[in-house]
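Everything on this sheet refers to the single structure shown next.
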Amino acid sequence: MPRPVRHILGLSGGKDSTALAIYMRDRVPEIEYFFCDTGAELPETYEYLSKLEVYLGKEVVRLSSDRTFDHWLKIYRGTLPSPSMRWCTKVMKIDPLEKWIGSDKAVSYVGLRADEASRKGYASLKKNILSVFPFIEDGLELHDIEAILIESGIGKPSYYDWRSRSGCYFCFYQRKSEWIGLHDNHPDLFAKSVEYEQKKGFEDTASETQYNWSQGETLSELLARRNSIRERNRERHSAHLIDILDDNQGSDDFCSACHL
Ligand code: SF4
């Protein structure tokens with residue numbers, strides 16, 4: 001007898017996929033919720049997922065690589081992931097997800113909104129996975145998503161106070177001002193990011209080349225410029241009336257393919 005089609009919904013730890021989980025809970029009760037856990041997520045993300053699990057009354061399955069980030073970093077000889085060498089998404093997120101689904105037929109519910117329909121997200125190339133976009137199909141935009149989160153009592157993740165998107169604490173897509181936010185909110189994780197940059201603990205296998213998380217400077221150099229970065233951020237904010245903590249207005253590329 002053929003296996004039944006699975007219904008799956010990937011949570012990124014951000015507001016859109018969370019709102020979609022809330023939106024779909026009673027529409028497709030058999031949905032399996034999952035979260036691709038790199039082991040380097042923000043503590044706020046784990047808290048947010050736990051809160052959501054209580055609301056859904058269901059476990060959010062954690063999918064992770066058999067190996068740690070440190071293992072993969074050694075394999076890549078200390079080459080930090082970057083927009084042009086984005087090995088992290090493949091080995092830490094996409095491979096575990098595709099292994100979990102295997103050859104099962106699955107419908108994957110993706111939280112792209114109607115007002116961002118042109119944005120690219122991850123859509124599996126595997127023929128047994130069909131991606132669907134309920135917010136786009138139903139014409140739901142940012143204000144609808146915010147209403148869903150407020151009405152459910154879940155709200156937005158608390159990291160939105162200082163960072164615009166979910167993802168690894170060391171994500172190379174974060175803005176320079178967000179690195180300062182990481183330093184101020186999680187000094188231990190900032191220090192760990194500095195260690196990765198300095199290749200501490202795997203100097204023996206690392207290549208000689210210097211790799212930085214943030215373009216054009218080390219994290220220590222970035223931190224030394226914190227006042228000018230903050231000032232520039234304020235100017236940008238007032239010049240364009242942009243709420244920099246509204247991820248709808250943020251960098252379009254910021255980890256979009258990590259929002260599975
Ligand atoms: S959040 Fe950033 S660092 Fe983490 S897997 Fe995604 S692209 Fe890579």
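Of note:
- The set of residues in region 209-260 that are more than 16 Å from the ligand (Cβ to nearest atom), hydroxyl-bearing (Ser, Thr, Tyr), closer than 19 Å to residue 170 by Cβ and modelled with pLDDT of 90 or more comprises 218, 220.
- Residues satisfying the stated conditions in region 39-78, i.e. in contact with a strand residue (DSSP E or B) (Cβ under 9 Å, 6 or more places away or on another chain), within 20 Å of residue 148 (Cβ to Cβ) and without any contact (Cβ under 8 Å) to a residue 40 or more places away in the chain: 49, 50, 53, 56, 58
- Of all positions in region 49-57, at least one carries a residue that is surrounded by fewer than 22 Cβ atoms within 10 Å (Cβ to Cβ) and in a loop (DSSP other than H, G, I, E, B).
- Residues of region 147-161 satisfying the condition of being of a type in the set (D, E, K, R) and assigned to a loop (DSSP other than H, G, I, E, B): 156
- Among the candidates 17, 65, residue that is part of a loop (DSSP other than H, G, I, E, B), assigned by TED's automatic domain parsing to the domain that holds residue 106 and within 15 Å of the ligand (Cβ to nearest atom): 65
- Cβ-Cβ contacts under 9 Å between residues 6 or more apart (or on different chains), taken from a first residue in region 25-38 that is touching a residue at least 12 places away in the same chain (Cβ under 8 Å) and in the same structural domain as residue 135 (by TED's automatic domain parsing) to a second residue that is of a type in the set (Phe, Trp, Tyr) and crowded, with 20+ Cβ neighbours inside 10 Å, are listed as 28/109; 31/109.
- Qualifying residue in region 140-158 (condition: within 16 Å of the ligand (Cβ to nearest atom), surrounded by 14 or more Cβ atoms within 10 Å (Cβ to Cβ) and not small (Gly, Ala, Ser)): yes
- Some residue of region 162-174 being within 13 Å of the ligand (Cβ to nearest atom), at pLDDT 95 or above and in a helix (DSSP H, G or I): no
- Some residue of region 210-224 being among the charged types (D, E, K, R) and surrounded by 19 or more Cβ atoms within 10 Å (Cβ to Cβ): no
- Taken across region 177-186, residues that are modelled with pLDDT of 95 or more and assigned to a loop (DSSP other than H, G, I, E, B) do occur, with at least one present.
- Candidates are the residues of region 73-114 that are basic (Lys, Arg) and farther than 30 Å from residue 29 by Cβ; the one that is nearest to the ligand (Cβ to nearest atom) is 86.
- Condition met for residue 48 (within 18 Å of residue 167 (Cβ to Cβ) and in the same structural domain as residue 19 (by TED's automatic domain parsing)): yes
- Residues in region 192-202 include at least one that is in contact (Cβ under 8 Å) with a residue 40 or more places away in the chain, out of contact with any strand residue (DSSP E or B) (no Cβ under 9 Å at 6 or more places or on another chain), surrounded by fewer than 18 Cβ atoms within 10 Å (Cβ to Cβ) and outside the structural domain of residue 94 (by TED's automatic domain parsing).
- Which listed residue is at pLDDT 95 or above and of a type outside the set (Gly, Ala, Ser), from 58, 90, 120: 58
The values are calculated or read from the model by the stated rules, or taken from the named source; none is laboratory data. Since we're looking at a predicted model, the values are computed, not measured. We place every Cβ from the backbone using ideal geometry, glycine too, and count neighbours over all the protein chains shown.
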